[in-house]
Amino acid sequence: MTNVVGYEVEGRVAVLTIDNPPVNALGIAVREGIVARVDQAAADDNVDAVVLIGAGRTFPAGADIREFDRPTKEPHLLAVVDHLDSIEKPVVAAIHGTALGGGLELTLGCHFRVAAPSARMGTPEVNLGIFPGAAGTQRLPRVAGLDHALELIVLGKPIGAATAKDYGIVDEIVDGDLRAGAVAFAEKVLAENRPRNISSEPREGIGAPEAFAETIEKYRDLANRRMRGQDSPHIAIESVLDGLRMPYDEAVAADRKRFEVCKNSDQSKALRYAFFAEREAGKIPDIGKDVTPRVVETAAVIGAGTMGRGIVVSLADAGLPVKVIEATKDLLDAGLAEIGKLYDGMIKRGRLDEAGKAERMARITGDTDYGALSDTDMVIEAAFEDLDVKKEIFAKLDSAAKPGAILATNTSYMDIDAIAAATSRPADVIGLHYFVPAHAMRLLEVVRGEKSAPDAIATGMALAKKTGKTAVLARVCHGFIANRSRLPLVREATFLVEEGASPEQVDRVLTEWGMPMGPLAVSDLSGLDVSWRMRRSLADRHDPDERYMHLADRMCELGRFGQKAGRGWYVYEEGNRRPVPDPETEAIAIEVAKEQGTERRDISDDEIRERCLYAAINEGAKILDEGIALRASDIDVMWLSGFGYPRWRGGIMFSADEIGLKHIHDRVQAFHAQHGKLWAPSPLLARLAEEGGRFTG
Ligand code: 3HC
């Protein structure tokens, strides 16, 4: 299949162009094409050197991940890479866009590498539960040195062209036309009669593993901390170590076997699922490419509280001029000062410099008058969670904002249609539910009201992309997708404490499952009063047949709001965020259990895990069934980007499929019988369990 790899001769240099949109992934046709074209160049008497380049937006961004579910077809990428460096004529890789994974490995088979200044390179395979399986773990240490190679391979973060040059991965950075620069570089190699660099050959300084014990330990430790529970970074390290212990051929033979095991592992399947789920989330069936997002060149945020400030920073970071509207001059000044402090924190952590802060602060202005919004393209309301307050604000926005401006509310659970009804232009109203802290959290829940216009929704999705966030679309219901599906987990966690588990047992079980923090420690962090206020606002809607979170209420009545109060489910020492178990919590739980007639008992870890997770899964199934989420994978993307659900488990709905829906349905039915109405099984779950189906296809 040579048609996906072009062949042209310029002077004495053959230019092989890989053309497999969108990202030139190295599927079987490309692999065959490269081998055929390289052989053609080797046999071409008019050719003395070869340039390998990608058409379109990028050098190959890696192996074709979609092929991983099918049996591997020869030639394997490893054979292609080995074939490249066996060619007697010098081969130059010309890199632009993103040379990732197998793409970077392909360049390591080439004898030289040149890159556009904007090119990025890396080996992100660990994020897919695998490791660089086309000799990257062997060749990269020889090219870049062990430390840099491990940095790329274990952490999976790409680097820019300048860093790649520092690391010795890139020989030359080409300003201007890359293809012409690469051909000129190849001609220079010929003119200077430079020897071909063959990265599979032994390199001085790469020797016995013992000599690198400290470096290896550093990356093991980083892998444990940053990718807790995930196997692939450790397998990648083993593969690199093989390269230190064995000759190249033996090490890559071991890699071939190891790669197949990794690729077929549950973790890799889940991580690949997560990769495609995130991309799928951006696609809305009835909003195609023909729907153009509205132009957003200016933005405003109503309210400079914690959430508002985070949103302002996220917008200003993306280069948008932002107006902050507050009720009084004092509140405004205080809000702007806090925004300055947020940037100071980033400077302290080395993420920003003073100039960067000044640039961003210059984009942020403030006002107390809605009249200032007359030329703003998008207004995001981040006021107090009170429906009447929000309606009042939207009525004011209706008179103040220009026609066609997007009017967004950051509510985390309220009825967007009721808010939109306070305006004369409900088509322009959408929900943009940010997560705390809004400037750092990746998730943005875009909520589609009954009357939201398709291009208004498209604008919300585009804003997410512009501000570096993952957008997921939800329909209107109480709590939308994210909070509605998480609430049952938190609810069960608190019921379990009432029934006899300790907060530390509940949190331990869920962190062992892979969550970064347990739900009760998270409640302490975000404040128990947040959901308390919500419960109180819904008190008149509470169904008396449903079990109620009396214990959580009692904690708040006692002022145990969490970290900010120095005590919640745990206690906190002054200035320390580490949760310390508190016997008083148990005493309160015993008291509430007595009042409610709840029998206290020993609770097993299995019960904790099942009740917390299955409650969320059952709700997720209802959300899906009701059309609040477009697809099960959207719910998963929320959990991955919003709640730190372990990526290597895919998300709650994917986990459910892997556990088996029949088992989950059986358990949900049992909990329903035991704990009542809140556990009513989702009809969709019941049907799929019966049919042997899955949520996630
Ligand atoms: N295989 C198959 N499809 C891929 C792909 C890959 N390696 N990389 C991207 N795509 C697809 C996406 O699914 C998407 O498809 P869609 O339009 O149908 O949804 C399309 O290409 C465009 O991708 P993005 O929407 O992600 O485009 P961006 O411009 O935002 O990002 C990118 C581009 C940075 C290249 C990003 O797609 C990416 O990170 N890709 C994965 C890179 C990677 O992990 N490479 C390693 C692969 S494993 C490997 O190489 C094994 C080897 O060691 C043997």
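How do the strands (runs of 3 or more DSSP E) wholly within the stretch 1-73 filter down when requiring 1 or more residues that are within 16 Å of the ligand (Cβ to nearest atom): which remain?
The qualifying strands (runs of 3 or more DSSP E) are 13-18, 49-54.
Give the stretch 449-462 a look and list any residue that's in contact with a strand residue (DSSP E or B) (Cβ under 6 Å, 6 or more places away or on another chain) and either assigned to a helix (DSSP H, G or I) or open to solvent by 20 Å² or more (accessible area, probe 1.4 Å) (or both), or say none.
Pro454, Ala456, Ile457, Ala458, Thr459, Gly460, Met461
Limited to the stretch 247-280, what total is found for residues that are touching a Leu at 6+ places or on another chain (Cβ under 8 Å) and among the basic types (Lys, Arg)?
Qualifying residue count, the stretch 247-280: 2.
Go through the stretch 144-177 residue by residue and tally those that are within 10 Å of the ligand (Cβ to nearest atom) and open to solvent by 10 Å² or more (accessible area, probe 1.4 Å).
Of the residues in that region, 1 qualify.
Residues are listed down the side, and each one gets a yes or a no for (1) modelled with pLDDT of 95 or more; (2) among the aromatic types (Phe, Trp, Tyr); (3) under 20 Å from Gly102 (Cα atoms); (4) in the same structural domain as Glu88 (by TED's automatic domain parsing):
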| residue | (1), (2), (3), (4) |
| --- | --- |
| Glu201 | no, no, yes, yes |
| Ala208 | no, no, no, yes |
| Ala211 | no, no, no, yes |
| Pro233 | yes, no, yes, yes |
| Ala236 | yes, no, yes, yes |
| Arg256 | no, no, yes, yes |
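Consider only pairs whose beta carbons are under 6 Å apart and that are at least six residues apart or on different chains; among these, list those whose first residue lies in the stretch 14-27 and is closer than 21 Å to Ile65 by Cα and open to solvent by 40 Å² or more (accessible area, probe 1.4 Å) and whose second residue is near the ligand (Cβ under 10 Å from one of its atoms) and among the hydroxyl-bearing types (Ser, Thr, Tyr).
Within 6 Å, the pairs are Val23/Thr58.
Consider only pairs whose beta carbons are under 6 Å apart and that are at least six residues apart or on different chains; among these, list those whose first residue lies in the stretch 265-291 and is within 13 Å of the ligand (Cβ to nearest atom) and whose second residue is open to solvent by less than 90 Å² (accessible area, probe 1.4 Å) and of a type in the set (Gly, Ala, Ser).
Ser268/Gly129; Leu271/Gly129; Tyr273/Gly650; Ala274/Gly650; Ala277/Ser633; Glu280/Ser633
Here is a yes/no grid of residues against (1) of a type in the set (D, E, K, R); (2) surrounded by fewer than 19 Cβ atoms within 10 Å (Cβ to Cβ):
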| residue | (1), (2) |
| --- | --- |
| Leu244 | no, yes |
| Pro247 | no, yes |
| Ala270 | no, no |
| Gly282 | no, yes |
| Glu297 | yes, yes |
| Ile302 | no, no |
| Leu315 | no, no |
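Going by what's in this entry, would Lys465 be described as surrounded by fewer than 24 Cβ atoms within 10 Å (Cβ to Cβ) and under 19 Å from the mean Cα position of the chain (by Cα)?
When the stated conditions are applied, Lys465 passes them.
Go through (1) open to solvent by 50 Å² or more (accessible area, probe 1.4 Å); (2) of a type in the set (A, V, I, L, M, F, W, C); (3) not in a loop (DSSP other than H, G, I, E, B) and name the single condition Met307 misses.
Looking at each condition in turn, Met307 falls short on (1).
Which ones in the stretch 550-588 are in a loop (DSSP other than H, G, I, E, B) and either of a type in the set (S, T, N, Q) or open to solvent by less than 20 Å² (accessible area, probe 1.4 Å) (or both)?
Arg560, Gly568, Trp569, Tyr570, Asn576
Confirm whether Glu557 is of a type in the set (D, E, K, R) and touching a Phe, Trp or Tyr at 6+ places or on another chain (Cβ under 9 Å).
yes
Restricting attention to the stretch 393-411, does a residue exist that is closer than 22 Å to Ala456 by Cα, part of a loop (DSSP other than H, G, I, E, B) and at pLDDT below 95?
Checked against the condition, which is being closer than 22 Å to Ala456 by Cα, part of a loop (DSSP other than H, G, I, E, B) and at pLDDT below 95, the stretch 393-411 yields at least one hit.
The values are calculated or read from the model by the stated rules, or taken from the named source; none is laboratory data. On a predicted model such as this, the values are computed, not experimentally measured, just so you know. Note: ideal-geometry Cβ built from the backbone for every residue, glycine included; neighbour counts use all protein chains shown. Accessible surface areas use protein heavy atoms only, side chains included; no ligands, DNA or RNA. Shrake-Rupley method; radii C 1.70, N 1.55, O 1.52, S 1.80 Å.
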